[in-house]
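Chemist: Before I ask anything, let me first share the structure, which is written out below as structure tokens.
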Amino acid sequence: MIVRTYKYTCHAVRICIYLLMVLSPVIASGEENELNILYTGSVSGELEPCGCTRKSESGGVARRAGYIDGHANELSPFVLVDAGNFTDKDTPQGRLKAEAMLNAFSLMQYDAVAFMNNEKGFSPGFLESLVKKLSVPVVAEDPLFRRSLSIRGKGIDINITADERDYQEGRLNILLTDRPLSGLSSLKGWDVIILSSGEILDKPVKINGSVVVSGYPEGKKLGILTLQINNKGKVSDFEHRWQTLDKDIMEDKDVRRVLKEYDMMVAGLSDNKKPPSGKTTYAGVSECGKCHQPFVETWQRTRHANAFLSLKQRGKSSDPECLKCHTVGFGEEGGFYSIATTPELADVQCEVCHGQGRDHLSDYSTPLPPVTEATCRKCHTKSNSPDFNYPVYLEKIKHE
Ligand code: HEC
Ligand code: HEC
Ligand code: HEC
Ligand code: HEC
């Protein structure tokens, strides 16, 4: 109706220009489609952050799922992809992680998940059977899997592949690869390339006409690439943002359940088993207390004395990856093994800093090795203790 009214006055040039201005965005949006690509890559088995400090508190699959679920309407239409290297190593715990990760992908309904170097490191058949059981849409160069997947949404014909030979004419081509940024010059024609090389790209870069992004290491952030697609199915423009996954994001309950099961299975790896050697070679704080009671009392006021409780509160009191820094000598023969078998070696005790003290017990003139900054750095690493500053931290644990 409005258009017709203007038609009669179109001889007035000014109105014609006005009409063009009003209608042109309408015409343009009729031709353009918007598509969000939600992507991860090089998550390396990080199911959730350790929570050692606030700075290392971002990420995790339960929050990722919660975010996507809570914003599905505003993100639509979208495709959700992982560019690979989502697993850790092929160890008993690494296998449990891989299963939990694939379970989470399945719950989040990933559109495509690539197998890269880390996944190739697993013994043949292990991941394949999980992928089948959980129906995860895997793409890989490996002939056991599909080379590519086609998705048709909102009139956009998409090809997602992990195989560089599988470019398909006339479609929106997305390549998932763990090549480094410096190794992309031979690739041509791809509309979007998503890396799982572990490199951090703050913003997308354009290489040979392709829009290149890279999954944030350890899944600390979710990448969101918004594409404008023209009527030829090609990218005419794009925007990008990182979605941080901090504490304020509501976790998805089903994915949290997967993580709980994972924790229980990890605990099962050591439960009811005897330590490899029956004897502890560390004395434990109660022995030291027989002669150094005042030191024990000051130590008890430091957070080191509650390090095991911190794990317990997070359901991680049997997780080897946490125990190595939150107990005495975990992983060494004669060190902490489990809370059932070696309760006297829980927490960050005296011998973590002063060294094994058995000889000193029988002859206290036997000197103990000096405590240095390197002693602390074994546990106060960049990622677990980003604010570590030797003099400042030393002051906080002083005991005399
Ligand atoms: C490399 C050593 C290391 C590993 C591995 C480690 N932690 Fe920690 N953790 C630390 C250190 C160091 C701190 C204290 C950091 C600080 O305050 O600077 C800490 C602190 C914590 C805290 C206390 C946070 C607070 O503010 O009260 C929790 C909880 C915690 N870690 C949980 C875990 C869990 C769960 C794991 C395993 C998934 C884990 N840690 C693995 C070294 C480690
Ligand atoms: C039987 C009593 C006794 C016990 C048990 C004992 N100490 Fe000592 N410790 C001493 C005495 C006495 C000294 C002072 C020796 C000296 O000055 O020659 C000492 C000195 C030290 C020193 C400072 C000297 C040095 O060599 O660095 C440290 C540190 C120390 N003890 C740590 C420990 C730890 C850790 C434990 C538990 C594993 C422990 N002690 C158990 C009696 C004991
Ligand atoms: C065996 C691992 C380990 C070693 C070695 C270690 N720490 Fe820690 N430290 C921890 C853990 C784990 C925590 C966190 C405990 C918790 O709250 O659960 C911690 C917490 C602390 C805190 C409390 C941080 C805060 O902000 O309140 C200080 C301070 C600290 N350590 C200082 C030191 C210093 C100094 C050294 C070396 C002389 C040292 N630590 C050696 C594991 C270690
Ligand atoms: C986080 C590391 C850490 C822990 C845990 C720790 N100490 Fe120490 N301790 C030190 C440092 C650092 C010093 C002072 C520097 C030095 O003399 O090596 C020290 C000094 C001492 C001294 C005095 C040494 C002297 O020359 O006067 C004794 C004794 C001692 N500690 C015993 C203990 C006992 C007992 C415990 C357990 C209850 C304990 N320490 C836990 C790091 C630690």
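The values are calculated or read from the model by the stated rules, or taken from the named source; none is laboratory data. Please read all numbers here as calculations on a predicted model, not as lab measurements. Reconstructed Cβ throughout: ideal geometry from the backbone, glycine too, with neighbour counts over all protein chains shown. SASA here: full protein model, heavy atoms, side chains in, ligands and nucleic acids out. Shrake-Rupley method; radii C 1.70, N 1.55, O 1.52, S 1.80 Å.
Chemist: Positive end of the charge dipole of the chain (Lys, Arg +1 and Asp, Glu -1 on Cβ, about the Cα centre): tell me which of V255, C52, F308 has its Cα farthest that way.
Modeler: The listed residue farthest towards the positive side: V255.
Chemist: Keeping all protein chains in position, work out how much accessible area E251 exposes to a 1.4 Å probe, and write it in Å² to the nearest 10.
Modeler: Counting only protein heavy atoms, E251 exposes about 80 Å² to solvent.
Chemist: Looking at the chain, what % of its DSSP beta bridges pair antiparallel, to the nearest 5? Let's see the in-between values first.
Modeler: Values: 26 of 48 bridges.
Roughly 55 percent of the beta bridges in the chain run antiparallel, per DSSP.
Chemist: Let me ask something additional. Measuring with a 1.4 Å probe in the full set of protein chains, what accessible area per residue, in whole Å², belongs to the chain?
Modeler: Values: 21930 Å² over 400 residues.
About 55 Å² of surface per residue is accessible.
Chemist: Long-range amide H contacts for K221: which residues qualify at under 5 Å (H placed 1.01 Å from N, peptide plane, sequence gap of 5 or more or a different chain)?
Modeler: Correct list: Y216.
Chemist: Which of the peptides 98-110, 200-212, 361-373, 382-394 is most tightly packed, and how do the rest follow, going by the mean number of other Cβ atoms within 10 Å of each residue?
Modeler: On the way: 98-110: 21.5, 200-212: 14.4, 361-373: 10.4, 382-394: 12.2.
Taking the mean over residues of other Cβ atoms within 10 Å, the ranking is 98-110, 200-212, 382-394, 361-373.
Chemist: Something else: At 20 angstrom or more along the helix axis (alpha-carbon based) and mean Kyte-Doolittle of 1.0 or higher, what helices does the chain contain? Whole DSSP H runs only. Write down the numbers at each step before the final one.
Modeler: Details: long enough: 13-31 (26 Å, 1.62); 92-108 (24 Å, 0.10); 253-270 (27 Å, -0.22).
Helices passing the filter in the chain: 13-31.
Chemist: Across bins of 5 angstrom width beginning at 0, how are the C-alpha pair distances of the range 60-128 distributed, in whole percent?
Modeler: 3, 15, 26, 23, 15, 9, 6, 2, 0
Chemist: Within the range 214-318, what whole-number % of the accessible surface is contributed by carbon and sulfur, with the 1.4 Å probe and all protein chains included in the calculation? Don't skip to the end; give the middle numbers.
Modeler: Values: 3290 of 6440 Å².
Its accessible area is 51 percent carbon and sulfur atoms.
Chemist: Also, I was wondering about something else. Out of residues 5 or more away from D246 or on other chains, whose amide H comes under 5 Å of its own, with H placed 1.01 Å from N in the peptide plane?
Modeler: Residues meeting the amide H criterion: G59.
Chemist: Among G215, V61, A140, which residue has its Cα positioned farthest towards the positive end of the charge dipole of the range 32-254, with +1 placed on the Cβ of Lys and Arg, -1 on the Cβ of Asp and Glu, and the dipole taken about the Cα centre?
Modeler: A140
Chemist: Let me ask something additional. Within the range 191-220, what residues put their amide N at less than 16 Å from the label point 7 Å along the Cα-to-Cβ vector of K234?
Modeler: 191-193, 207-211, by backbone N distance to the label point.
Chemist: Another question, then. Tell me which residues come under 5 Å, amide H to amide H, from H240 once H is placed; ignore anything under 5 positions away on its chain.
Modeler: Those lying under 5 Å, H to H, from H240 are T226.
Chemist: Here is a follow-up. How much length is gained on full extension from R152 to L361, taking 0.36 nm per residue of separation minus their Cα-Cα distance?
Modeler: On the way: separation 209, 0.36 × 209 = 75.24 nm, distance 7.23 nm.
Between R152 and L361, full extension yields an extra 68.0 nm.
Chemist: Moving to a separate point now. Which value results for Rg/Rh of the range 32-254 when Rg is the Cα radius of gyration and Rh the Kirkwood radius based on the inverse mean 1/r?
Modeler: Working: Rg = 16.4 Å, Rh = 17.4 Å.
Over the Cα atoms of the range 32-254, Rg/Rh equals 0.94.
Chemist: Which residues does a label at T226 reach in the range 243-277, if reach means a backbone N under 11 Å from a point 7 Å past the Cα toward the Cβ?
Modeler: In the range 243-277, the label zone of T226 (backbone N under 11 Å from the point 7 Å along Cα→Cβ) covers no residue.
Chemist: For R301 and T244, what is the calculated FRET efficiency with R₀ set at 35 Å and r taken between the beta-carbons, to the nearest 0.05? Let's see the in-between values first.
Modeler: Numbers: r = 35 Å, r/R0 = 0.99.
The calculated FRET efficiency here is 0.50.
Chemist: While we're here: Quick check: Cα centre of the range 188-258 to Cα centre of the range 272-312, how many Å?
Modeler: With the range 188-258 and the range 272-312 each reduced to a Cα centre, they are spaced 46 Å.
Chemist: Divide by every residue of the chain the summed helix terms, -39500 (n - 2.57) for each DSSP H run of at least 4, and state the resulting mean residue ellipticity at 222 nm, rounded to the nearest 500 deg cm²/dmol. Intermediate values should be presented prior to the final figure.
Modeler: On the way: 15 runs with 140 residues, N = 400.
Value at 222 nm, helices only, nearest 500: -10000 deg cm²/dmol.
Chemist: Can I ask one more? Once phi is turned into θ = phi - 60°, what whole-Hz ³J(HN,Hα) does the Karplus curve with 6.51, -1.76 and 1.60 give for every residue of the range 360-375, x standing for Gly and Pro?
Modeler: Using θ = phi - 60°, the values come out as 5, 5, 7, 9, 5, 7, 5, x, 9, x, x, 8, 10, 4, 4, 4 Hz.
Chemist: Then there is this: Using the Kirkwood radius over C-alpha pairs as Rh, can you work out the diffusion coefficient of the chain via Stokes-Einstein at 4 °C, viscosity 1.567 mPa s, in µm² per second?
Modeler: Taking Rh from Cα pairs, D becomes 53 µm²/s.
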